[in-house]
1. May I ask you to sort 29, 122 by Cβ crowding, counting other Cβ atoms within 10 Å and putting the fewest first?
2. Whose amide H sits under 5 Å from the amide H of residue 105, counting only residues 5 or more places off or on another chain, with H placed in the peptide plane?
3. Stretch residue 31-residue 55 to full length: gain in nm at 0.36 nm per residue minus the Cα-Cα span?
4. Loop-only check: which GluC sites (Glu not before Pro) in region 87-132 are DSSP coil with at most 11 other Cβ within 10 angstrom?
Amino acid sequence: MTKPWLALFALALAIPAGAQDRKTIYVDKMEGLEPFVEQALQAAELPFDFIEEQKQPELKAGLAKMHSAYGEILYKHKLGRNETHRLELRDVERNKVIASYSFPLQGDEESRRRAAQEFAAKVKKAWAKKSR
């Protein structure tokens, strides 16, 4: 015969342990890509709480600075297209990249949504490996 108070005690211990696994994340400004990235990360059902940057997040999602502005102008002039960009999820405290996704940044909504979804899939995969 099990005691009901024992089950409640075990449940009370399990709830805070699960809540501690959640991380705060800030999605940086990124040329109009941020709403797509935030929606994709939320849809991936990751243990993230989205906050403003002023509240000092544990994680930060944003575009990596790959080249100088002059380099980007040359790239566009020579090849006639925008340079490849890279979305990164970074551990703020350790300044370490957890996941990244490279893609050509295009102006249409569908390509931005697709890039955000691919990024969220990479984050989910990296997060699963990190959590083991």
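Where a number appears in this text, it was derived from the coordinates with a stated rule and is not lab data. These numbers were taken from a predicted model, which means no experiment stands behind them. For neighbour counting, all protein chains shown are included, and Cβ atoms are generated from backbone atoms with ideal geometry for every residue, glycine included.
1. Ascending number of Cβ neighbours within 10 Å: 29, 122.
2. Here 85 satisfy the definition.
3. On the way: separation 24, 0.36 × 24 = 8.64 nm, distance 2.22 nm.
Taking 0.36 nm per residue and subtracting the Cα distance, the gain is 6.4 nm.
4. Sparse-neighbourhood loop GluC sites (Glu not before Pro): 93.
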